[in-house]
1. What ranking do 82, 281 get, fewest neighbouring Cβ atoms within 10 angstrom at the top?
2. Can you tell me the relative contact order of the range 435-476? Whole percent, Cα pairs under 8 Å, sequence separation 6 or more.
3. Please report 410, 89, 345 as a ranked list, fewest other C-beta atoms within 10 angstrom at the top and most at the bottom.
4. Take the chain, mark every one of the GluC sites (Glu not before Pro) that falls in a DSSP loop and has at most 14 other Cβ within 10 Å, then report the longest stretch left between them, sites excluded.
5. Helix 68-77 versus the longest principal axis of the chain: what is the Cα-based angle in degrees, 0 to 90, to the nearest 10?
6. Need the full-extension length gain, residue 153 to residue 489, defined as separation in residues times 0.36 nm minus the C-alpha distance. One decimal, nm.
7. If the reach is capped at under 16 angstrom between alpha carbons, list the lysines near residue 504, excluding any in the same chain fewer than eight residues apart.
8. Could you state the angle between the C-alpha long axis of helix 286-300 and the longest principal axis of the C-alpha atoms of the chain, as a value from 0 to 90 degrees rounded to the nearest 10?
Amino acid sequence: MVIIRLKFVCFIFPFLFVQNTFAIFADSSNLATKITSEQTIDSVISTSKQLLGKAYGSKSPSGNILDCSGFIKYIWSNQDIHVSGSSKTIASQTTKIDLNEIKKGDLLFFTGRNKTTKVVGHISMVLERTDSTFKMIHSCNRGVVIDDFPRSYYDERFLFAGRLAKLISVEKKPIKSQNVFPLNPESISIIGVGDMMIGTNFPSDRYLPPNDGKDIFAPVKSILKNADLTFGNLEGVILTNKGTVKKCNNPALCYAFKSPDHYVNYYKEAGFDVLSLANNHSSDFGGIGRKNTVEKLEKVGIKYAGLETCPYSIFEKNGIKYGFYAVSPNRGTVKINDYSFHKKTIAYLDSLVDIVIVSFHGGAEGSEYTNITKKTEIFLGENRGNPYEFSRVAIDAGADVIFGHGPHVTRSMDIYKNRFIAYSLGNFATYARFSLSGVKGLAPIVKVNVTKDGKFIDAQITSTKQTGEGGPQLDPEKAVIKEIKKLTTKDLPNSTILISNDGKITQKQ
């Protein structure tokens, strides 16, 4: 075991270089460092003990979210010492020292839930040491508690320890140039929507929307663009030219969708950052359709995942690293029932990124199947998976946000281990070829706010509906919020999720 000592660094500008290209301090001589005295550490420890028993994810008196890193940031900020970032970020700003130098006030770093990754995912502070153990205080799923280390659950997750030796006082703020990199935000907003097929030129162009589809996202575009990341499920392929259309045993129950190549720009302009290709329409036009879809998405910079050839995607936006993984029961996609593969893949993503988003296309279809059963769902002779079980397997493996789709209706929402789940987001943006009667015409835009390591903070549902041939529009009657509240109460009576009449989602404390 080794310990680390924090170097003098500027937390306010994580990518600061001594070059004019990025940022400079206007007068570095005015920036005083603060040496942490024993008196200061005693005050920090006193503050930490005042929070004992506080629920994980609750708020401190100053409004900090009391996850593991938020707890550490708050107790040090009371002494005008600024600690910034996630547990992984704090750890990256340190150097290692010997184990026998651990003192009260030092920080202990651990892996997250996946202990095999060796990536920092949890942090605690040392209160005192004896000959063989330390008392540490931290915010975990049990709330703010004191544990022994070693001799606790965290022993096998331990990585190293660190000391906040010199930190910039929060009372002094450097002047920055206009070219400085932006701060990583304290929370991340992620929007999720359901099925999208904004017009198909097969079997004929009469299934394309008015004005060539340019207006289809107009009523909701400002909402979709108001998030750090926006996700949706792409039903069908992007393909102007001909491909090999799939063969169906029952043509009356079988549809094939392909939108013209330039329609990819409409998704980009609406604000979509990442799309799932894991569904029963990704192979509607064979390899030609899949290949062309991928090429067009890459050309406009939209990330994707879910095909056997590209099960996941890793990318960065605004300083946050995301992993995206998508599954379905359909040919050519990552299979929803292959739990062994899911566990390995999601754990791998969790070891590399800040936030893991998982999308699944599963469950029976239609207005008779709005409820989750917590059992395997069979529809038209096909095993459509167990959405409830799958979501928990994914979160246990390291997923942070789960977006479901496939039933063509909205289903309940849930929180498990401080992670958000939407079991189905319904028909969001479709044109023609989709039945939109009754609940099939209702869909939410759900904006989920999470910490920088994926823990649920809160969320907001915006109600939309589709009428006629389709296309999303805002619903002043908020019908989908009422539907989600009703389904969640019935299907998940023991869930910790709370949904208000105006669509605000919080968690029971």
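Please treat every number below as a calculation from the coordinates, not as lab data. Since we're looking at a predicted model, the values are computed, not measured. Because the Cβ atoms are built from the backbone with ideal geometry, glycine has one as well, and the counts that use them run over all protein chains shown.
1. 82, 281
2. Relative CO of the range 435-476 lands at 36 percent.
3. Sorted ascending by nearby Cβ count, the order is 89, 345, 410.
4. 1-170
5. 40 degrees
6. 117.5 nm
7. Partners within reach: 447, 478, 482, 485, 486.
8. That works out to roughly 50 degrees.
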